[in-house]
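K.L.:
Have a look at this one.
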Amino acid sequence: MTIKNILFALLWPITYASYGQGTTFNIVKALPYPQVDFSHIVLHNDTIVGYGTGFNDDIHWKQGVAVVKVDTFGNVLAHNFILDAKGDLLATSKAWGNIIRTSDSGYAAIAATVYRKSAFLIKLSHDLQVEFIKEYPDTVNRSNYFYKILETLEGYLLYGSIQRPDYYDDGFIRYVDKQGETVWFKYFEFSKFSTTVVHIQKIKDSTYIASFVSSSNKQEDIGFSSFMIFNLTSNEIMELGLWHFSIDSPVGINRRVIVTEGAILVFGLYRVSVINNVPIYRPILVRLDDSFRPVWV
């Protein structure tokens, strides 16, 4: 069974047969949680960890997040279902939240409640048992759920966007220690409308690159990209360089950064035209040099 077929078998709630071996497995059948939608996966060696939203059983129908570990034959190795301690609806999504494998061979995941304005860091052990859940509430802004996570040597970088009372978004980075306690928090506002921290990648040691997308006017689909290289310190973020790209630049609307030896690759969407007021996009991959000039597109 190929990795591609394994991913489809994991993410789709239907039986899927691989082209190569005619093998079929469906992990949903092996789980006691109904209607689980797996939004995120982690691949490590011969194991796959799926993470998503579902219900605890078909009697109480309490919404929470499910996590399951399977081998490449579909055998369930471990699973867990996590509910909000205060009775709210806990969720994650394909667009926000994620799960990562941590340096202690465990996992860390992001979730949010539907009614209470809180984001959550969920730390799991190697066998998916909850080690701790840290809540980050917000009583001022309209929403506080669009979070993603990256592990650092001393803790985690939580980043994304938080919706202000005026309905626009500010990007943010929250640096927390290994227990989830906030060390520092910083907003980023590169336009008067919306800014989102879409991705952070480690370059080396304590140096990182962050990618931002901002709206240049009230239309969310007209945006520009920014990149910041920074050092991570125990007290604050130390900016080393900041680059803004215009709406019409080859970078387009960035979605992800890949750091390779001697190069930075960025990819996202480039608006090629507008037909009947509908923007038409093309996927785009750009290599940048050390001065953030495009080498090829």
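K.L.:
What do you reckon, is ASN56 free of Cβ contacts under 8 Å to residues at least 24 places away in the same chain and among the polar types (S, T, N, Q)?
P.N.:
Details: free of Cβ contacts under 8 Å to residues at least 24 places away in the same chain: no; among the polar types (S, T, N, Q): yes.
When the stated conditions are applied, ASN56 does not pass them.
K.L.:
In addition: Being in a strand (DSSP E or B), loosely packed, with under 13 Cβ neighbours inside 10 Å and on the phi < 0 side of the Ramachandran plot is the requirement here; does VAL286 meet it?
P.N.:
No, not satisfied.
K.L.:
Of all the residues that make up the range 114-131, how many are open to solvent by less than 50 Å² (accessible area, probe 1.4 Å) and aromatic (Phe, Trp, Tyr)?
P.N.:
So the count comes out to 1.
K.L.:
Can you find even one residue in the range 55-75 that is crowded, with 20+ Cβ neighbours inside 10 Å, touching a strand residue (DSSP E or B) at 6+ places or on another chain (Cβ under 9 Å) and aromatic (Phe, Trp, Tyr)?
P.N.:
no
K.L.:
Can I ask one more? Quick check on this structure: which one of ALA85, ALA95, ALA111 is open to solvent by less than 20 Å² (accessible area, probe 1.4 Å) and either aliphatic (A, V, I, L, M) or part of a strand (DSSP E or B) (or both)?
P.N.:
ALA111 is the lone residue from the list that is open to solvent by less than 20 Å² (accessible area, probe 1.4 Å) and either aliphatic (A, V, I, L, M) or part of a strand (DSSP E or B) (or both).
K.L.:
Just to check your reading of the model, which residue among VAL251, VAL257 is touching a strand residue (DSSP E or B) at 6+ places or on another chain (Cβ under 6 Å), under 23 Å from VAL295 (Cβ atoms), in contact (Cβ under 8 Å) with a residue 40 or more places away in the chain and part of a loop (DSSP other than H, G, I, E, B)?
P.N.:
Values: VAL257 fails: part of a loop (DSSP other than H, G, I, E, B).
After ruling out the rest, the residue left standing is VAL251.
K.L.:
Something else now. Could you count how many residues in the range 240-269 are modelled with pLDDT of 90 or more and not β-branched (Val, Ile, Thr)?
P.N.:
13
K.L.:
Could you check, for the range 194-207, whether at least one of its residues is over 18 Å from the mean Cα position of the chain (by Cα) and open to solvent by less than 10 Å² (accessible area, probe 1.4 Å)?
P.N.:
yes
The values are calculated or read from the model by the stated rules, or taken from the named source; none is laboratory data. In this text, all values refer to a predicted model and were calculated from it rather than measured experimentally. Cβ: placed from backbone, ideal geometry, glycine included. Neighbour counts: every protein chain shown. All accessible areas refer to the heavy atoms of the entire protein, side chains included, with ligands and DNA or RNA removed. Shrake-Rupley method; radii C 1.70, N 1.55, O 1.52, S 1.80 Å.
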